[in-house]
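What follows is a single structure, written as structure tokens, with notes after it.
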């Protein structure tokens, strides 16, 4: 999992009286690490599935910049960041199970170094996933406006911003000697520990607030597109719009499920610092250990194209099968109506699972 509270475990605890040390006395680290292994294992499988190349059954044309492949590029990089974060959680949990030193001793510098580096990398890649999630929602607005892609800017934001935030937060936490538990002073906690919470939760909150707003405006744009293209808004058009709303809602819901427990943990910690409910805190930690790495698994479900037969995962042993498919497509004949459907499908890739005809026979954007 990725959370500032867990990152304080990397500090030398010595004889400190910090809240993290107090809670850790009641913490079953083996059970916690087993939950991390299970959820991160599923996350790794989901991310690998999402990264695998796909054969998308659409034709190439001059509108390729607005094709389903455009959104697919963002999804792949989101999955890459998810994969690296889940691998980090998995590897760290395996080592913690074997070494039994989730909180290093006062003189255990090697464990402190490993814990700090692994926590920094995990935090970096999870923050990157949040930025990529935001970029996908932003790019959907550009797609519907038929604007050019900002893929280079997405890469700049998604890899640079997490590096800056992670460096600031963890440098203040660990510098100079990783002794963030040695003082029980409230001022010390505000100076050393709070900044890491801020730089962690701010990008998370930005995505939680901005994405629903961006998707809401995208739905309005899509409604205008459907109405203007068909000249009507019947039950069929409403079904198309409803399918889009459901997909956007599920994407937002998955993000909230995975990361709201982290916000709850932060609120509980800072609002009840001196009277911390240990049992509730530990329960929230287990929830975070389960939901955070599962983001990759859930993303593999919600970001894929939902319509049956619209894409096929390309595996090495299916190379010839796909080659035969291309030959069949290149030699086969297509009607003008099918070409128009393909054109609309590539411009508006969210509409694959929607009805293809309206009540009066007009072909919709599906």
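The table for this structure:
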item	result
The listed residue being in a helix (DSSP H, G or I), within 25 Å of residue 109 (Cβ to Cβ) and at pLDDT below 95, out of 198, 168, 225	168
Count of residues meeting criterion [within 18 Å of the chain's Cα centre (by Cα) and at pLDDT 75 or above] in the stretch 271-313	18
Considering residues of the stretch 139-165 that are in contact (Cβ under 8 Å) with a residue 40 or more places away in the chain and assigned to a loop (DSSP other than H, G, I, E, B) only, the residue nearest to the chain's Cα centre (by Cα)	149
Matching residues, the stretch 171-192, being surrounded by 12 or more Cβ atoms within 10 Å (Cβ to Cβ), part of a helix (DSSP H, G or I) and at pLDDT below 70	188, 189
Test: residue in the stretch 272-279 that is without any contact (Cβ under 8 Å) to a residue 60 or more places away in the chain and in a helix (DSSP H, G or I)	no
Selection from the stretch 197-240 of residues that are buried (at least 20 other Cβ atoms within 10 Å of the Cβ), over 27 Å from residue 259 (Cα atoms) and touching a helix residue (DSSP H, G or I) at 6+ places or on another chain (Cβ under 8 Å)	222, 226, 237, 240
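The values are calculated or read from the model by the stated rules, or taken from the named source; none is laboratory data. Not measured: the values here are computed from a predicted model. Positions of Cβ are generated from backbone atoms using ideal geometry, with glycine treated the same way; all protein chains shown enter the neighbour counts.
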